[in-house]
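Rule-based calculations on the coordinates, nothing more; no lab input. What you see is a predicted model; the values in this text were computed from it and never measured. Positions of Cβ are backbone-derived with ideal geometry, glycine not excepted, and every protein chain shown enters the neighbour counts.
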Amino acid sequence: MRGRSFFHDEIKCASCGYTMDSSIHHEGNDVVPSPGDVALCFRCATIHVFNADGVPEIPSKEKLAEAQADQEVQKAINRLKDFWKRAPH
Ligand SMILES: [Zn+2]
């Protein structure tokens with residue numbers, strides 16, 4: 001994965017337990033996330049959303065549905081899945 005990391009408080013994915021302390025913009029740009037921006041678990045692609053403190057958390061049902069309908073989010077999820085398909089496990 002290319003791009004620069006944005007570091008945040010360490011969180012564990014609510015779905016798979018993977019520990020994350022940084023996020024990479026899916027287009028590889030150096031972007032500081034805004035509250036409400038979507039972050040995916042690097043391992044299982046579970047959708048998280050940045051809160052006001054810049055920490056990704058599991059979104060509300062409404063926000064989750066909104067994120068799932070977002071083409072950019074779908075693209076990023078597919079990219080992650082591709083990455084894991086090619087990566088040795
Ligand atoms: Zn996960």
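So the values come out like this:
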item	result
Fewest-first ranking of Glu66, Glu27, using other Cβ atoms within 10 Å as the exposure measure	Glu27, Glu66
Residue order, fewest to most beta carbons within 10 Å, for Ile47, Ile11	Ile11, Ile47
With at most 14 neighbouring Cβ atoms within 10 Å, loop trypsin sites (Lys or Arg not before Pro) (DSSP) excluded, longest segment of the chain	5-89
Charge dipole magnitude, Cβ of K and R +1, D and E -1 - the stretch 5-86, Cα centre, debye nearest 20	540
Residue order, fewest to most beta carbons within 10 Å, for Val31, Val49	Val31, Val49
Potential lengthening between Ala65 and Asn51 on full extension [0.36 nm per residue; Cα-Cα distance subtracted]	3.4 nm
Under 18 Å from Lys85, Cα to Cα: lysines that are on another chain or at least 8 residues apart	Lys75
